[in-house]
Every structure is written in C-alpha cells, then in structure tokens.
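First the structure, in the form of structure tokens, and then the observations on it.
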Amino acid sequence: MKIFFLSLIVLMAACGREPSRLLRQGQLPIFDFPLYLTEGAAGRVWKIDRDRTMTLMAEGLSDPRGLATDRFQNVYVAEFGSGRILKFPGGDPAYEVVREGLVEPSVVAVDGFGEVYVAQSETNAVRRLSDDRDFGSYSVAPSALGFGVDDIPLVGVYDDSSLSWGWNADGAQRADIPRPVNVSIDGTGRVYGAAGGVTDGQVIRYHQREASGAHVVAEGLAGPLGIAVDLVGNIFIAEQGAGRIILVNYEGRPFSWLSGVEDPQYLAFTQY
C-alpha cells in the first residue's frame, strides 16, 4: 500500500502545471469561451466573451497572426513582423516572449503534450521550439498548422493547395483544398480547413484521421482565415475581407456574430 501511495505522489508531482512527459494526452479538450482573436494590421490581440464583450490583451504588436491555445489556458501568438512567439500565461494580458529571431512566423500550433510548433519562411518546414527540430519538407512555408486526434499533424500549404494528415516527408495523406490558410478541429476531432479565396472562400470539414469525407460547411466567404468550433458545434470564422466574425450554427446557417473588426486573422477557443 505504501508503494502505491508513493507512486501516486510521484505521478502527481510529474503532472504539475505542465503536460507530463510520462503521460499521453488521450482525450480531446472541450473548446469554449473565452475566444481569442488576432488583428494583424492593427497589431492587437483580443479576448472575447460569450456576450461579445471584448477585452484588449495586447496592442502595438508587429502584425500578430497565428494563434493557438493549450490545455492549461495558455495562449500563443506568432508575431509575423518581429519574428517572435508570445505566450499569454493562463490567458492573462501580461505576455512573455518565448522565442525571438524567427523569420516571418505565420502560424503556430500546440500538440497534446504542450509542445509549441511554428511555421516560418526561413526553413519551409515546421519547427518545434523546445529543441529546434524541423518537421516536414515543403515548397514554401506552411500556411496552416494544427494537431488532430492522436496528435496527427495537420499541415496546409497555400501554393500546393493541399492539406495533409501527417508530415509530408513521411508520405502523409493529402486532401486537395484551394489556398488553405487555416486548419482547426472540433471536440470530436473532425478537421476544418479554410480555403482563403477573396470572394469565394470556403470552410470544409473532413473526417478525423484521413483526408476524406470533405463537406463544405460555409462558402461564398470574403477571405476566411481563423476557424474555431465551440463545444456544441457552432463554427466561428474570421472573415478578413468583410472585417467580421461570422457564426455558422450546427444546422449550417450563417450569422454575422461580430462586425467592425480590423484585419481579423486567427481565432482560438480556450481549452478545458
């Protein structure tokens, strides 16, 4: 019995406030408010509550774009203009710089272990920040990045009009999607890709583990970028060309949810 309790204490200590290297993060998180938004040209990061109350998290940034959250409510932002990755611990406004010296980091993602990955134009690959290891090999820097069920990498390349399940260097499955600019998942692990046409943008939903089952959930959009899906299946889309966030409900009906947004870029829900 003493051995059991000692083992339990050691395991609890290993978990701490960060994902343990000893544990596999098995279940998918619940995605819910608050919602985070980057405004690229305006240099701002916002926290948005369910009632659409907006709280300014940061301003004066140099073209913030990619946005991701982890299981401990930390928020990560790729600052394209300055080559930095910013972290807002616990979603608080006071941020810290976790990496500098990157070349045009555009998108950022966090896997189930809390590892942070970023795509930058210098390497045309995806870099893991903890050890500076590069993954994949692409014609240009990936334009969309995320992780699906079982930490499957989801990588979109704008110039190749492709979205892959896995790193390309490993012979990943690929779906044809015009001009992919973002990828996200919902609480069941289904994959959503944004095809960023200026007047004919779409958001397309796919199966969890393979590049199949494509279903258009929104179309006729003006430059869709950010995608975030809440716990009941509502899809929030940052429509850059229209300066707004639209909501597509579980029945497939679109609504203008938040207007007057300056250069909306990426969206991410809090993970619980």
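The values are calculated or read from the model by the stated rules, or taken from the named source; none is laboratory data. Note that this is a predicted model, so its numbers are computed, not measured. Backbone-built Cβ (ideal geometry, glycine too); neighbour counts: all protein chains shown.
Name the residue that is modelled with the highest pLDDT, counting only residues in the range 166-185 that are out of contact with any Gly (no Cβ under 7 Å at 6 or more places or on another chain) and exposed (fewer than 15 other Cβ atoms within 10 Å of the Cβ). Before the answer, list the steps.
Of the residues in the range 166-185, the ones out of contact with any Gly (no Cβ under 7 Å at 6 or more places or on another chain) are 166, 170-171, 174-176.
Filter once more, so that each one left must be exposed (fewer than 15 other Cβ atoms within 10 Å of the Cβ): 170-171, 176.
Numbers: ASP170: 67, GLY171: 74, ASP176: 95.
Going through the qualifying residues, I end up with ASP176.
Would you be able to tell me the number of residues in the range 185-194 that are out of contact with any Leu (no Cβ under 7 Å at 6 or more places or on another chain) and under 24 Å from GLY171 (Cβ atoms)? Selection size over the range 185-194: 3. Inspection of the range 188-201 finds no residue satisfying the criterion of being in contact (Cβ under 8 Å) with a residue 60 or more places away in the chain, buried (at least 23 other Cβ atoms within 10 Å of the Cβ), at negative phi and outside any loop (DSSP other than H, G, I, E, B).
Each row is one residue, and each column tells you yes or no for (1) polar (S, T, N, Q); (2) part of a strand (DSSP E or B); (3) within 20 Å of the chain's Cα centre (by Cα).
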| position | (1), (2), (3) |
| --- | --- |
| ARG209 | no, no, yes |
| ALA218 | no, yes, yes |
| GLY226 | no, yes, yes |
| GLU251 | no, no, no |
| PHE255 | no, yes, no |
| GLY260 | no, no, no |
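Kindly establish whether SER212 is farther than 25 Å from ASP63 by Cα, of a type in the set (Ser, Thr, Tyr) and either buried (at least 17 other Cβ atoms within 10 Å of the Cβ) or in contact (Cβ under 8 Å) with a residue 24 or more places away in the chain (or both). So SER212 fits the description; yes.
Of the set (1) under 26 Å from GLU239 (Cβ atoms); (2) without any contact (Cβ under 8 Å) to a residue 40 or more places away in the chain; (3) surrounded by fewer than 22 Cβ atoms within 10 Å (Cβ to Cβ), all apply to MET57 but (3). Take the residues in the range 84-119 that are part of a loop (DSSP other than H, G, I, E, B) and aromatic (Phe, Trp, Tyr); name whichever of them is surrounded by the most Cβ atoms within 10 Å (Cβ to Cβ). Among those residues, the one meeting the criterion is TYR95.
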